[in-house]
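The values are calculated or read from the model by the stated rules, or taken from the named source; none is laboratory data. For clarity, every value in this text was computed on a predicted model and none was experimentally measured. Cβ placement follows ideal geometry from the backbone for every residue including glycine, while neighbour counts extend to all protein chains displayed. These area figures cover heavy atoms from the full protein model, side chains too; ligands, DNA and RNA do not enter into them. Shrake-Rupley method; radii C 1.70, N 1.55, O 1.52, S 1.80 Å.
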Amino acid sequence: AAALLCAAVHAGDAPLLRRLVRAGAPLDAADWDDRRALHVAASDGSATITRLLVDAGASTGVADRWGATPLDEAAAVGAGPVIDYLRSVGAPEGRGGRRLQAR
């Protein structure tokens, strides 16, 4: 489930993502690095997909194996609209994650 969700998110395929949500796909399913679809959307800088996932119930407080939250991922790529949206819904920062520590 995680691979399919993450692939749809990375492709920016909102129609497929909506179908997966309607079918009950587990939005917080994690891949081998504990990354979720919301991590991918945030790191891609996609405000539309990020909002779709959060509105559908994806957790904003999940951390990947490096301790990065979706907000950290958005900050790492400078995705201002995604950062603003995630902050507006109370998304927490993590430990900075792999990308922010490299700066």
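A few points about this structure:
- Check on Pro26, assigned to a helix (DSSP H, G or I) and over 17 Å from Gly78 (Cα atoms): no
- Residues of the range 29-41 satisfying the condition of being of a type in the set (A, V, I, L, M, F, W, C) and part of a helix (DSSP H, G or I): Ala37, Leu38, Val40, Ala41
- Qualifying residue in the range 31-53 (condition: under 16 Å from Ala1 (Cα atoms), of a type in the set (Asp, Glu) and surrounded by 15 or more Cβ atoms within 10 Å (Cβ to Cβ)): yes
- Filter pass, Gly67 being part of a loop (DSSP other than H, G, I, E, B) and open to solvent by 40 Å² or more (accessible area, probe 1.4 Å): no
- Put simply, of Leu4, Leu20 the only residue that is in a helix (DSSP H, G or I), without any contact (Cβ under 8 Å) to a residue 24 or more places away in the chain and open to solvent by 60 Å² or more (accessible area, probe 1.4 Å) is Leu4.
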